[in-house]
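The values are calculated or read from the model by the stated rules, or taken from the named source; none is laboratory data. Just so it is clear, the model here is predicted, and its values are computed rather than measured. Here the Cβ positions follow ideal geometry from the backbone for every residue, glycine too, while neighbour counts run over all protein chains shown. When the accessible area is computed, the model is the full protein with side chains, heavy atoms only, and any ligands, DNA or RNA have been set aside. Shrake-Rupley method; radii C 1.70, N 1.55, O 1.52, S 1.80 Å.
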Amino acid sequence: MFPGHRLEEMTNGQGTPEILRWNQMSYLDAGFNTQWPDRRPDEFRGKGIRLLTLKRAAEITKGRLLLLTFFDPNATYVQEVVTLINSLDLGERVIIRSPFTKFVREMKKIEPLWLYGSDSPGISRAMIFDNLRIETLISFQEDVIVSPMSMNNSLVFTPTLTLEIQRQKKSLILELEDDPFSNNFFPEWIEGALKGVLTSRPNWALKKFRPAAP
């Protein structure tokens, strides 16, 4: 599993993950380019950290949902992905998303009952209609809204948009990696719709979103 669009985002490789076979990717240094805010850039470099297979990721996250993002504009690997997920019996544990609508559309034809997450264009359209006060045109086709709290230094979720997510019975998961708003400001109107957060700083997230025990 590779949590990014390009290999150099975290490894000592170059280009997109699709250019390599797994037996080549498995030798990459997955700690080569650590970008966590509270870590030194070279803290994990050369420590033998390797990329995870989907099977291994499923084993170490038992009972939790897996958010899988696919960068496959031509939907070339849809059937292979479905076969792999089914071979591991993960259908009820995955949220599928892709910035390419063709990939999601083709996967829905095969597995229509899986959970599907939002893409950036879908969020942008909702923001535009929300800004224009046209709530009737805000329609989320996805089961789960996965989004940063801000885009282009603007807060994504107004009270109106958040209420619309709840009215449509959608779940909201926030991507809070280096989001400038999440560090200093968290709107109370989001809390009712929020089902989870994505972050590489779990200790920070627990302190921020889980109330302390009495």
Output the direction-averaged projected area (hull surface divided by four) of the convex hull of the alpha-carbon atoms of region 10-100, in nm². 7.1
Note on the chain, DSSP bridge orientation, antiparallel percent to nearest 5 equals 10
Taking the alpha-carbon set of region 96-153, what are its Rg and Dmax in Å? 12.4, 38
What size of dipole, in debye to the nearest 20, comes out for the chain about its Cα centre when the only charges are +1 on Lys and Arg C-beta atoms and -1 on Asp and Glu C-beta atoms? 400
Assuming R0 = 30 Å, what is the FRET efficiency of Asn153 and Thr83, from their Cβ-Cβ distance, to the nearest 0.05? 0.10
Taking region 101-151, which trypsin sites (Lys or Arg not before Pro) meet the DSSP loop condition and have no more than 13 other C-beta atoms within 10 Å? Arg133
Quick one: Debye curve from the alpha-carbon atoms of the chain only, equal weights, vacuum; give me log10 I(q)/I(0) at q = 0.08, 0.14, 0.16 Å⁻¹ to two decimals. -0.32, -1.01, -1.29
Over the alpha-carbon set of region 80-198, work out the extent along each principal axis and list the three values in angstrom, largest first. 42, 31, 24
For region 32-147, alpha-carbon Rg and Dmax in angstrom: 17.4, 53
Once Leu66 and Leu113 are pulled to full extension, the length gained, defined as 0.36 nm per residue separation minus their Cα-Cα distance, is 15.4 nm
Run lengths n ≥ 4 of DSSP H only: what is the helix-derived mean residue ellipticity at 222 nm for the chain, with -39500 (n - 2.57) per run over all residues, to the nearest 500? -8000 deg cm²/dmol
Kirkwood Rh over alpha-carbon pairs of region 56-97, then Stokes-Einstein at 20 °C and 1.002 mPa s: what D in µm² s⁻¹, rounded to an integer? 194
Leaving out ligands, DNA and RNA, and with a 1.4 Å probe, what % of the accessible surface on the chain is carbon or sulfur? 53
Full extension between Phe185 and Arg133 adds, at 0.36 nm per residue less the Cα distance, a length in nm of 16.3 nm
